[in-house]
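Since the structure comes first, as structure tokens, the remarks are kept for the end.
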Amino acid sequence: MNPIEIHSVCIVIPVYNSESTIEKLVDEAMSTLSPKYGHVEIILVNDGSQDNSHDCAMRAFNKYPDNVKYIQLAKNFSEHNAVMAGLNYVSSDCVGIIDDDFQNPPFEVIKLVEKLKEGYDVVYSCYDDKKHHWFRNLGSSFNDWVATKLLKKPSGLYLSSFKVMHKTLVKNVIKYNGPFPYIDGILLRSTNRIGTQLVAHKDREDGQSNYTLTRLISLWLNMFTGFSIVPLRVASFIGIVMSVITPFLILFYALSYQTGGVFVKQVIPPGWASLIILVNFFGGLQLLVLGIIGEYIGRLFLTANQSPQFVVRETYIKKEIDE
């Protein structure tokens, strides 16, 4: 890999109910990064917040009109969709994605950018000690295992939401226009120049994590059905295995009946137990397979009907206002 030069840095921050942190986060990012780079831009994407985040973001925009871009979405589209919206407005040499809860201090962006300069397309953060809630850590571990199996993620790579990408990779990422983006899936299929950098991880400064069980399941479904056909292959394999097992089950019950219950001691009418077991087992299996296929078909339907990845209600960008 050839070293690359970075003169300008962008930070994309998905904003959701973060009125207590967003202004402080922008101030710290500006004071930390401005002395280091020629130009710093911060893109705030309000993902349908229900609190006073809009006014806070507007104050940040008015305070740093040459640096802050504020994108207000029409409703809540989820974090990955909000990040995709922000990536469409990037004009810097590289872009970092950072949450709005201060668990990733802005000064740690410098470490990721310095690692990116070695020639990587994307650099993920990693931690010695993660300060997430145990439920979030459990979900992350499961997500990591699934990504390794389905997306061929390099072993040992932690798919952190805190990462930095080069502008050439960003241009490829925003080409994806499906309604269910999974940014790490797009990155993994776009490049193998992936670096990692150890950074600090702090306790959440205010509030609670927005990653509920529902949001985690939605994220996993995006990964399963949006960027891999492995679940379909697993379903097909299970169907084949069950088809192979069925003749042996028939033979087993037939021999048990002919030998007077040597294999299976029955006190209920012959055939009743095997019938109920088979109906429940294969009925459940069919519903499982149909559910997987239905998930794929449903997503294809929504994509064909051009369900929006995000809808921008308003943009606050200095050049647009000047014009």
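The values are calculated or read from the model by the stated rules, or taken from the named source; none is laboratory data. The structure displayed is predicted, hence computed values, not measured ones. Cβ coordinates were reconstructed from backbone atoms using ideal geometry, including for glycine residues, and neighbour counts include every protein chain displayed. For accessibility, only protein heavy atoms count, side chains too; no ligands or nucleic acids. Shrake-Rupley method; radii C 1.70, N 1.55, O 1.52, S 1.80 Å.
What about L151, is it in contact with a strand residue (DSSP E or B) (Cβ under 7 Å, 6 or more places away or on another chain), modelled with pLDDT under 90 and either crowded, with 20+ Cβ neighbours inside 10 Å or not aromatic (F, W, Y) (or both)?
Details: in contact with a strand residue (DSSP E or B) (Cβ under 7 Å, 6 or more places away or on another chain): no; modelled with pLDDT under 90: yes; either crowded, with 20+ Cβ neighbours inside 10 Å or not aromatic (F, W, Y) (or both): yes.
Judged against the criteria, L151 is not a match.
Here M30 meets the list (1) at pLDDT below 95; (2) part of a helix (DSSP H, G or I); (3) over 25 Å from the mean Cα position of the chain (by Cα) almost entirely, failing just condition (1). Within the bounds of the stretch 158-180, is there any residue that is modelled with pLDDT under 90, out of contact with any helix residue (DSSP H, G or I) (no Cβ under 8 Å at 6 or more places or on another chain), open to solvent by less than 80 Å² (accessible area, probe 1.4 Å) and in a helix (DSSP H, G or I)? No, the conditions are met nowhere in the stretch 158-180. The selection criterion, being hydroxyl-bearing (S, T, Y) and farther than 20 Å from L112 by Cα, holds for S49.
Across the stretch 14-58, the number of residues qualifying as more than 20 Å from A82 (Cα to Cα) and among the charged types (D, E, K, R) comes to 4.
Look at the stretch 284-313: where a residue is within 21 Å of A85 (Cα to Cα) and a partner is open to solvent by 50 Å² or more (accessible area, probe 1.4 Å) and outside any helix (DSSP H, G or I), sitting 6+ places away or on another chain with Cβ atoms under 7 Å, you get R299/F180; Q309/N177. Within the stretch 117-130, the set of residues being under 21 Å from the mean Cα position of the chain (by Cα) and either open to solvent by less than 20 Å² (accessible area, probe 1.4 Å) or at positive phi (or both) comprises V122, V123, Y124, S125. Screening N2 on (1) at pLDDT below 95; (2) out of contact with any Gly (no Cβ under 8 Å at 6 or more places or on another chain); (3) open to solvent by 50 Å² or more (accessible area, probe 1.4 Å) shows it passes everything except condition (2). Mind listing whichever residues of the stretch 48-92 are open to solvent by less than 10 Å² (accessible area, probe 1.4 Å) and touching an Asp or Glu at 6+ places or on another chain (Cβ under 7 Å)? The answer is S53, C56, A60, L73, A82, S92.
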